[in-house]
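Asker: Structure below; questions to follow.
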Amino acid sequence: MASIHELTAAELAASYSGGELSPVEATRALLERIDAWEPRLNAMYRIDRDGALRQARDAESRWRVQAPLSPLDGVPVTIKENIYTKGDPAPIGTAANLPAAPQGADAPPAARLREAGCVFLGKTTMPDYGMLSAGVSSAHGITRNPWNTAKNTSGSSSGAGAAAAAGYAPLHLGTDIGGSVRLPATHCGIFALKPSLGRVPVYPPYMGRVTGPMTRDVEAAALMMNWLTLPDARDFMSLPFRPVDYVEGLESLDLKKLRIGFLPDMRAGLPVHAEVRAAAEAAAKALAAAGASVEEMKSFLAPEMLDGMARFFEARSFNDFVQLPPERQQKVLPFVAEWCTWRARSFSGRDVIQAYAHVMAMREAAVAACEPYDYVLSPTSPILPYEAELPCPGNDPRNALPHIAFTVPFNMSEQPAASVNWSFSADGLPIGVQLIGRRFDDAGVLKLARAIELLRPAQKPWPA
């Protein structure tokens, strides 16, 4: 048997069923793995050793009589700090909220995984308010990339990305409002799915905000989706529940019947790094060689749309910031404080509505551009991982989000989008590609991601 931290969720469950391994043994091994990595990565906000072992013992008892709660019973998971779990504080990445009171209930995604019997190892780190695509936080410090600890994980699901790459668990749960599961996925070499808005019930819901699985393999994410998509009345923006088995038929996609758009350059935000473009082009060629019809698309994203999105986010965060008393404002990461105040403090109501209009124009343009195609392929991020200590590439709080041009449009268009690793840079850093589907076609995006897993070049061993 492979080392426990190398086993997928499906392999762990099979080993439980066959008696080769117990949930308690797996949990202990992964807690040891966390202990070995954490001094260098800082991916965990809280580690619940006693609770995890208690849940593992309960799962072990169920597997012993072949009565698991689900195929994920006893499989360890980490959960992003801002996804509420009963009894755990959630400072949302900022020292301004410390000390934070324990939460009284699980958020919907955490509740579903608890019902499935997953073992909660603990909570992963995130930046202040989740409004940085980086692993820098006033509350948690700096989270580092396992492939090269001098490099950034991206964010805001920074701890989840690092934890997945380092083998802390087979399953991880993140959130995404502008790229926050997909950007860590590309920089950490893992898989992540941003579901269609409302597919996975969340609380509180918000425009563009989703919770999604982050894993080393596509099948594990599909297993999670079978539970995460169950209904929860607290999400007043959720989609009607559809009883879909996301694992069944995962390898059934007929590439020869697909028309795929290839979007190599958004021509907004940061320019695309040569190695990133080469990886995306190689993925497009592989799909074409497998029989798909692949044609290059022009960008639909105007710079004023991306700036409108940035202004909307700034206005939203400024509203949160100014509600804090001065002594708590001083505790917010200075970069974030400047980012959300430098121009938002002078916004008029008309300025905010104009920004929102650009966001809606971006949404319309994204849907229209994707409409002729079954799926769209693009880079996930235009850049390779940057320095771990920087809150954003370029370190400019007045231009903090230039690297989200490939990801944020699909939050606002509510389309499912995933990042799957394709290859590695000359320096050994992961490079992912993004797969975008039509709205509500989450199952199809997972199937295409599995096809990419099978088509991609041989992967490097996981960081040791």
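The values are calculated or read from the model by the stated rules, or taken from the named source; none is laboratory data. Computed from a predicted model, the values in this text were never measured in an experiment. Every residue, glycine as well, gets a Cβ built from its backbone with ideal geometry; the counts of neighbours run over all protein chains shown. All accessible areas refer to the heavy atoms of the entire protein, side chains included, with ligands and DNA or RNA removed. Shrake-Rupley method; radii C 1.70, N 1.55, O 1.52, S 1.80 Å.
Asker: Which of (1) in a loop (DSSP other than H, G, I, E, B); (2) within 21 Å of residue 394 (Cβ to Cβ); (3) open to solvent by 40 Å² or more (accessible area, probe 1.4 Å) is the odd one out, the single condition residue 84 does not satisfy?
Answerer: All conditions pass for residue 84, except number (2).
Asker: Turning to a different aspect of this structure: Out of 91, 102, which single residue is more than 26 Å from residue 29 (Cα to Cα), in contact with a helix residue (DSSP H, G or I) (Cβ under 8 Å, 6 or more places away or on another chain) and modelled with pLDDT of 95 or more?
Answerer: Checking each option against the conditions leaves just 91.
Asker: Under 7 Å between Cβ atoms, at least 6 apart or on separate chains: pull out the pairs that start in segment 336-364 with a residue that is more than 17 Å from residue 131 (Cβ to Cβ) and modelled with pLDDT of 95 or more and end on any residue that is open to solvent by less than 50 Å² (accessible area, probe 1.4 Å) and not in a helix (DSSP H, G or I).
Answerer: 362/301; 363/413
Asker: While we're looking at this one, here's another question. In segment 328-350, how many are more than 25 Å from residue 389 (Cα to Cα) and among the acidic types (Asp, Glu)?
Answerer: Summing the residues that are more than 25 Å from residue 389 (Cα to Cα) and among the acidic types (Asp, Glu) in segment 328-350 gives 0.
Asker: Considering only segment 122-229, give the helices (runs of 4 or more DSSP H) lying wholly within it that have at least 1 residues that are open to solvent by 10 Å² or more (accessible area, probe 1.4 Å).
Answerer: 218-228
Asker: Does any residue of segment 366-382 turn out to be in a loop (DSSP other than H, G, I, E, B), open to solvent by 20 Å² or more (accessible area, probe 1.4 Å), among the small types (Gly, Ala, Ser) and closer than 28 Å to residue 428 by Cα?
Answerer: No, the conditions are met nowhere in segment 366-382.
Asker: Among the residues of segment 12-48, write down those that are assigned to a helix (DSSP H, G or I), under 29 Å from residue 151 (Cβ atoms) and either open to solvent by 20 Å² or more (accessible area, probe 1.4 Å) or at pLDDT below 95 (or both).
Answerer: Result: 29, 32, 33, 35, 36, 38, 39, 40.
Asker: Collect the residues in segment 370-391 that are within 18 Å of residue 413 (Cβ to Cβ) and among the hydroxyl-bearing types (Ser, Thr, Tyr), keeping them in residue-number order.
Answerer: If the condition is that a residue be within 18 Å of residue 413 (Cβ to Cβ) and among the hydroxyl-bearing types (Ser, Thr, Tyr), then 373, 375, 378, 380 are the ones that fit.
Asker: Could I ask something else about it? Tell me whether segment 205-228 contains one or more residues that are among the hydroxyl-bearing types (Ser, Thr, Tyr) and in contact with an Asp or Glu (Cβ under 6 Å, 6 or more places away or on another chain).
Answerer: no
So that you can scan it fast, the table gives a plain yes or no per residue for (1) at positive phi; (2) crowded, with 24+ Cβ neighbours inside 10 Å; (3) not in a helix (DSSP H, G or I):
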site	(1), (2), (3)
390	no, no, yes
394	yes, no, yes
427	no, no, yes
433	no, yes, yes
458	no, no, yes
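Asker: Give the residue, chosen from 254, 265, 235, that is charged (D, E, K, R), open to solvent by less than 20 Å² (accessible area, probe 1.4 Å) and modelled with pLDDT of 95 or more.
Answerer: 235
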